[in-house]
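Presented below is the structure to which this report refers.
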Amino acid sequence: MIANIIRALEIRYGCCLERLTGGYTNITYLMTGTEPQLVAKVSNLSNEDTLNEINVMKLLQGSCDTPVVHDVSLLEGMRVIVMDCMRGVNAQSVLDAGDWTRADWIYRNMGQLLAAQIHSRPYVQQASGIRVSNRPGLAPMIRKLEFVPESLGRQSVQLLSAAGDPEQPWVLTHGDYGVHNLLYEPESALHVLDWEWAEWGNPLNDVAWVCWFTKLHYPVRAAELNAAFMEGYLSVHPLSFSPQQLKAASLYKVWNVLHRLRIAPKEVQREWVRRLEWTLHEDFTELHGVM
């Protein structure tokens, strides 16, 4: 099936396809020989996340540093999105290489980009086919996940209820924003990839997810990186929240991942239950002084 799709695209565009990794999800190919340089992203027709991503990118065409969609077609029972190829390396690779000077630049500019180009788009009732935050109905979803210990579910509901949802106007949120979904052109630009989890919701959800991801994966450097991110963000967009609300927004994101893992392998479920427990016990107070 995939071989037939590759042949069809190579004939249609007069190019050669090369599999891509690092910053791209699903099955994504570089279309070598096209002008401008393009990539093709292949997904199942049943994947609602891909439809969500298409609607977001069409909404953003020309107004955000993200790929422009050139074509969406059906081939061999699969959905194929042809879009611009963005230059750069996966931003997370800079952190993994221990280049902390560049990492600081990335985090500061990542905050500015999020505030200026993404969260600047306010929610409208005509949601353009883009997912809407399900945080108001999160508690019933928590109780349905049998692979998560009930005690962790109860703690989550209590914390979410106590923290409340800060009253911020809803905006477009990326849903999985962070260095893992950015391409980095040295000292010049960041490009945003993978909008599958985008939704209309509270801007704190994206902000919290960046801080959560950094604290989990880079704990030694998290304080300075997250401070640079927040300073960049707040230089463009004011945002008021408490440490408890930051943790609650992180929990909201973790539970949405857990909900997606209902039929995942047991080891993947166990790892995310571990991350849930870590989130419940983690301290989120260090960023309060940045505000």
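Observations on the structure shown:
Quick grid of which residues meet (1) at pLDDT below 95; (2) among the charged types (D, E, K, R):
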| residue | (1), (2) |
| --- | --- |
| S240 | yes, no |
| Y252 | no, no |
| E267 | no, yes |
| E271 | no, yes |
| R274 | no, yes |
| G289 | yes, no |
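- Test result for E196, in the same structural domain as E277 (by TED's automatic domain parsing), closer than 21 Å to V254 by Cβ, charged (D, E, K, R) and at pLDDT below 95: yes
- Pair list, Cβ < 6 Å and 6+ apart or interchain, from the range 250-265 residues that are in the same structural domain as A208 (by TED's automatic domain parsing) to residues that are part of a loop (DSSP other than H, G, I, E, B): L258/L145
- Condition check for W209: within 22 Å of Q112 (Cβ to Cβ) and touching a helix residue (DSSP H, G or I) at 6+ places or on another chain (Cβ under 7 Å): yes
- Yes/no for K41 being outside the structural domain of G232 (by TED's automatic domain parsing), part of a helix (DSSP H, G or I) and not aliphatic (A, V, I, L, M): no
- Within the range 123-132, restricting attention to residues that are surrounded by fewer than 18 Cβ atoms within 10 Å (Cβ to Cβ) and aliphatic (A, V, I, L, M), the residue that is farthest from R270 (Cα to Cα) is V124.
- Scanning the range 14-73 for residues that are of a type in the set (K, R) and within 21 Å of R87 (Cβ to Cβ) gives R19, K41.
- Just so you know, in the range 26-48 the residues that are under 16 Å from D176 (Cβ atoms) and surrounded by fewer than 18 Cβ atoms within 10 Å (Cβ to Cβ) include one that is modelled with the lowest pLDDT, and it is N26.
- Yes/no for H119 being surrounded by 19 or more Cβ atoms within 10 Å (Cβ to Cβ) and either among the acidic types (D, E) or touching a Ser or Thr at 6+ places or on another chain (Cβ under 8 Å) (or both): yes
- Tabulated pairs, the range 213-242, first closer than 16 Å to E286 by Cα, second charged (D, E, K, R), C-beta under 6 angstrom, 6+ apart or interchain: A222/K215; A223/E286; A228/D104; A228/R108
- Within the range 114-132, tally of residues that are under 17 Å from L204 (Cβ atoms), of a type in the set (A, V, I, L, M) and in contact with a strand residue (DSSP E or B) (Cβ under 9 Å, 6 or more places away or on another chain): 3
- R274 assigned by TED's automatic domain parsing to the domain that holds S128, farther than 30 Å from C85 by Cα, in contact (Cβ under 8 Å) with a residue 12 or more places away in the chain and charged (D, E, K, R): no
- Residue satisfying all of: in the range 133-165; free of Cβ contacts under 8 Å to residues at least 24 places away in the same chain and of a type in the set (D, E); farthest from P265 (Cα to Cα) among these: E150
- Selection within the range 62-98 - part of a loop (DSSP other than H, G, I, E, B) and exposed (fewer than 12 other Cβ atoms within 10 Å of the Cβ): G62, S63, G77, A97, G98
- Some residue of the range 76-93 being closer than 19 Å to G175 by Cα, of a type in the set (K, R) and modelled with pLDDT under 95: no
The values are calculated or read from the model by the stated rules, or taken from the named source; none is laboratory data. Small disclaimer: the values here were computed from a predicted structure and weren't measured. Glycine also receives a Cβ, built like all others from the backbone with ideal geometry; neighbour counts cover every protein chain displayed.
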